[in-house]
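Asks: This is the structure I want to talk about, given as structure tokens.
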Amino acid sequence: MTIMLPTPTPTPTPRPAAVATVQIDNERVRVTEWRFAPGAATGWHRHEFDYVVVPMTTGQLRIDSGGSEVLAELVLGRSYFRPALVEHNVINANPYELAFIELELKR
């Protein structure tokens, strides 16, 4: 007699955490350097301020917004702006380290 056992659900491998280094934090601005090992993620977060990202490397980020995921192309030195209240998890989609500077505009 053969007994069928349920197939175990694989345990997801936790992602490494992206490394944030705050360089400036005052009443007007917060400047943070973000470094992502391959597959590293920021974890789910919400931006309380408008912000500008300045890529230090070229590559792709996977942006998980909860209901959808998109690939974002970053190009070394090509800055972009996002408004406050963005919620997402940001994941390095490259087989190499990716880095950018984030400038949060507090006022």
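Asks: Please work out which residue is nearest to A20 (Cα to Cα), limiting yourself to region 38-68 and to residues that are hydroxyl-bearing (S, T, Y) and surrounded by 14 or more Cβ atoms within 10 Å (Cβ to Cβ).
Replies: Filtering region 38-68 for residues hydroxyl-bearing (S, T, Y) gives 42, 51, 57-58, 65, 68.
Checking the rest, the ones that are also surrounded by 14 or more Cβ atoms within 10 Å (Cβ to Cβ) come to 42, 51, 57.
Numbers: T42: 9, Y51: 15, T57: 16 Å.
For region 38-68, the residue satisfying everything is T42.
Asks: All but one of (1) at pLDDT 95 or above; (2) under 24 Å from N94 (Cα atoms) hold for D50; which doesn't?
Replies: Condition not satisfied by D50: (2).
Asks: Can you say whether L74 is of a type in the set (A, V, I, L, M, F, W, C) and more than 11 Å from the chain's Cα centre (by Cα), as far as the supplied structure shows?
Replies: So L74 fits the description; yes.
Asks: Right, something else. Run N94 past the list (1) surrounded by 17 or more Cβ atoms within 10 Å (Cβ to Cβ); (2) in a strand (DSSP E or B) and report the number of the one that doesn't hold.
Replies: Against the list (1) surrounded by 17 or more Cβ atoms within 10 Å (Cβ to Cβ); (2) in a strand (DSSP E or B), N94 comes up short only on (2).
The values are calculated or read from the model by the stated rules, or taken from the named source; none is laboratory data. Please read all numbers here as calculations on a predicted model, not as lab measurements. Glycine also receives a Cβ, built like all others from the backbone with ideal geometry; neighbour counts cover every protein chain displayed.
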